[in-house]
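Q: Have a look at this one before I ask anything.
The values are calculated or read from the model by the stated rules, or taken from the named source; none is laboratory data. Small disclaimer: the values here were computed from a predicted structure and weren't measured. Ideal geometry is used to build each Cβ from the backbone, glycine not excepted, and the neighbour counts take in all protein chains shown. Please note that ligands, DNA and RNA were not included when accessible areas were found on the heavy atoms of the full protein model with its side chains. Shrake-Rupley method; radii C 1.70, N 1.55, O 1.52, S 1.80 Å.
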Amino acid sequence: MDWSKAKRIMIFAFLVVNISLLLIMTSKNIRAKDYITSKEDVIERLEKINVDFKTEIPEKTPNIELLEVEYEEYDTINKKLDIANEFLSSSDLLQIANIDNEKDSIIFEDDKEKFEILKGKKIIYEDKTRNNNSPMEFDPEKVASDFLKEKGFENSDHKMTKLKKNNDIVELNYTKLHINTILEKSYMKFIIKNGKVISFERLWLNVIEEKENNIELRPATDSLLKLLSVEGIRDKTIDKIELCYYFDSNDADIFDFSELKAGDAVPAWKVQFTDGTIKYLYEE
């Protein structure tokens, strides 16, 4: 064998492989740069449908993974009775229970309180006495925190995403948090009057594990251009853009909220408008 010739062939092949890899990487970088829209461009294009900004557009796109998540469930009669017992003072829950097969819900209700478990996942509590005492000063976040502690819920895995005051009534919303990033749509909604929770709603997701994400979330500037084809956002103002994980079984026709128990939450941009409208922008 001519080792000198073989050596030259091996060196040539090595160079070809390295050049090919370099061209592939360069091509990817060029394509990445090609689809990055400037802030000025996205603002100008959205102005054409009268959408303007009261917030900065994020410049960085953090690299986050997929999340495998599952609903917090109350899928057995024992689980239903246990959670109802945390909210109601009745000594005979079965006596005040009413099953609605059409809605797939069970409602526990007496003269003072009402507690509903919808599709084995969402819980809704109402204090029917409404607490009509004279207005008083109170810390709504502390009231909510004490309420969660009293009902046996984790008190550090969420972030406040809404606080609205109207005289003596406060609306307070929290969203599930996974390592500094919110997980939509996993929420708790409070209505508090005179320092007392008169309404509470919870639909919660628990994280099973992080998974490799093969679909890269585009920069906010690129994703915002999707709004050009979204109905119902003309003449609105964007006041918040935030990175999130997004999972909503009601978004897809193939899912049934009552049957779906788990799935993948994808990286997305949460775009909030001043009128309360929210859109989630993600790669499909």
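Q: Report ³J(HN,Hα) in whole Hz for each residue of the range 163-168, in order, from the Karplus equation J = 6.51 cos²θ - 1.76 cosθ + 1.60 where θ = phi - 60°; Gly and Pro get x.
A: Result, rounded to whole Hz: 9, 10, 10, 9, 6, 9.
Q: Label-point separation (nm) for LYS159 and ILE77, each offset 7 Å from Cα along Cα-to-Cβ?
A: 4.2
Q: Just the number, please: carbon plus sulfur as a percent of the accessible area of the range 183-249, 1.4 Å probe, no ligands or DNA/RNA counted.
A: Roughly 40 percent of what the probe reaches on the range 183-249 is carbon or sulfur.
Q: If I model a spin label at ILE208 and ASP92 as a point 7 Å from the Cα along the Cα→Cβ vector, what separation in nanometres do I get?
A: Those two pseudo-labels are separated by 4.2 nm.
Q: Which value, in Å², gives the accessible area per residue of the range 43-124 when a 1.4 Å probe is used on the protein heavy atoms?
A: That works out to 61 Å² per residue.
Q: Probe radius 1.4 Å, ligands and nucleic acids ignored: give me the carbon and sulfur share of the accessible area of the range 74-121 as a rounded percent.
A: Using a 1.4 Å probe with all protein chains present, the range 74-121 comes out at 42 percent carbon and sulfur.
Q: Which FRET efficiency value, to the nearest 0.05, do you get for ILE278 and ILE215 by plugging their Cβ-Cβ distance into 1/(1 + (r/R0)^6) with R0 = 25 Å? Walk me through the numbers on the way to the answer.
A: Working: r = 22 Å, r/R0 = 0.87.
According to the calculation, E is roughly 0.70.
Q: Does the range 103-179 come out rounded, prolate or oblate, given a ≥ b ≥ c as the square roots of the eigenvalues of its C-alpha gyration tensor, rounded meaning a/c under 1.5 and, failing that, prolate meaning a/b above b/c?
A: oblate
Q: To the nearest 10 square angstrom, how much accessible area does ARG130 have with a 1.4 angstrom probe?
A: Using a 1.4 Å probe on the heavy atoms, I get roughly 90 Å².
Q: Enumerate the calculated ³J(HN,Hα) couplings along the range 189-197 in order (Karplus 6.51 cos²θ - 1.76 cosθ + 1.60, θ = phi - 60°), each rounded to whole Hz, writing x wherever the residue is Gly or Pro.
A: 10, 10, 10, 10, 10, 6, x, 10, 6
Q: When the chain is fully extended, how far beyond the present Cα-Cα distance does ASP110 get from LYS189, taking 0.36 nm per residue of separation?
A: 26.2 nm is the gain from fully extending ASP110 to LYS189.
Q: Oh, and also: What whole-number value in Å² describes the accessible area per residue of the range 181-238 for a 1.4 Å probe?
A: I get 44 Å² per residue for this part.
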